[in-house]
Structures are given as structure tokens and as C-alpha cells.
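Visitor: The following block contains the structure, expressed as C-alpha cells.
The values are calculated or read from the model by the stated rules, or taken from the named source; none is laboratory data. Bear in mind the structure is a predicted one, so any value in this text is a computation, not a measurement. A quick note on method: Cβ atoms are made from the backbone with ideal geometry, for glycine too, and the neighbour counts reach across all protein chains shown. Surface accessibility is based on the protein's heavy atoms, side chains included, excluding ligands, DNA and RNA. Shrake-Rupley method; radii C 1.70, N 1.55, O 1.52, S 1.80 Å.
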Amino acid sequence: PTIDLLPVWKRPPSIYASLKSSPRDVVLLEYPLHPNPDWFAENMPYMYFSMWHWYRMVNGYSGSIPQSYWKIVESTAGFPGGNTVDYAQRLGVTHLTVNCKLWDALACRIFTDRLERTGRFTLVRSVPWEGAQTLLYELRP
């Protein structure tokens, strides 16, 4: 077998540092959420970043795809439209990260515009990281 090794980032986006002052128990939903089974490994950076912040999260990567992940994918399709934000709150989600480096730039811009129009998210911080914006939102209780 052949294993291709790829370099990883030396540090995560600095948005996670903003969570240290949060009075709430933080539960993250990290975007983009990759629903395609062939792209599931694209969620791996979120687990890597968690080594710096250690907050709970509802999506990530563990080497297998549990049935609960497909429920999250199904129930958040079209996020933040319909009842998807309510579903995220029932999961305990308090914050949402949007990492445009891990996504198409136009799709990221459309998504963040939709988020802001819902009126349910407060932008906590937006920082450039690896040549793209990374944003942290708080989901209003």
C-alpha cells in the first residue's frame, strides 16, 4: 500500500481563542459540513483543530461514519433554512464556525449571507486564515 502524506497546519484558525471567554458550555457545529460519503474525510481538519480548543462538537472525523452523523447531515440540509437551526439547538449547538478555506469562496459568501439574514446568529469574530475568511458565530439561545 501507498500512503500519501500531506502537510498540516501548524496552528488552527484563531477564532477558537474567542471561545475562552464564553460563559456558555460551548458545542460547535463546524462548516462546511461535508455530506458526501466520498468527502467525509474533509471533516478531518475540525478534529485536528480540536486539539487546541477541546470544545465539544457535533461533527468531525473518527475514521468511521456513525449513523448519527447521517441524521445530522439529513436534518441540517439547507442550513440555515427551515427548521435546521432549531434542530442544531436541540443538539446543543451554541456556536458555528465557517471556514472558507475549506470551501468554495462563492458558496461560503452565499452561506454567510444567509446566516446573517436569519437573525439567529451573532458574529463573534472573523479572521483571515490561510488566505480565506474564517468566522465564528454564536447561536442565540
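Visitor: Roughly speaking, to the nearest percent, how much of segment 47-141's 1.4 Å accessible area is carbon and sulfur? Walk me through the numbers before you get to the answer.
Guide: Details: 2730 of 5130 Å².
Using a 1.4 Å probe with all protein chains present, segment 47-141 comes out at 53 percent carbon and sulfur.
Visitor: Now for a separate question. For the peptides 46-57, 6-17, what is the packing order when you average, over each peptide's residues, the other Cβ atoms within 10 Å and list the highest mean first? Present the calculation step by step, with values, prior to reporting the outcome.
Guide: Values: 46-57: 15.5, 6-17: 13.2.
Result, highest mean first: 46-57, 6-17.
Visitor: Related question: Mind sorting out which of (i) 49, 31, 31; (ii) 46, 35, 34; (iii) 62, 34, 31 is the real Cα extents along the principal axes in Å computed from the coordinates?
Guide: Of the listed options (i) 49, 31, 31; (ii) 46, 35, 34; (iii) 62, 34, 31, (i) comes from this structure.
Visitor: Before anything else, pin down the relative contact order of segment 7-141: Cα pairs under 8 Å, at least 6 apart, normalised by residue count, whole percent.
Guide: Numbers: 179 pairs, mean separation 38.3, N = 135.
After rounding, I find 28 percent.
Visitor: Residues of the chain: accessible area per residue at 1.4 Å, in Å²?
Guide: Details: 8230 Å² over 141 residues.
Ligands and nucleic acids excluded, the figure is 58 Å² per residue.
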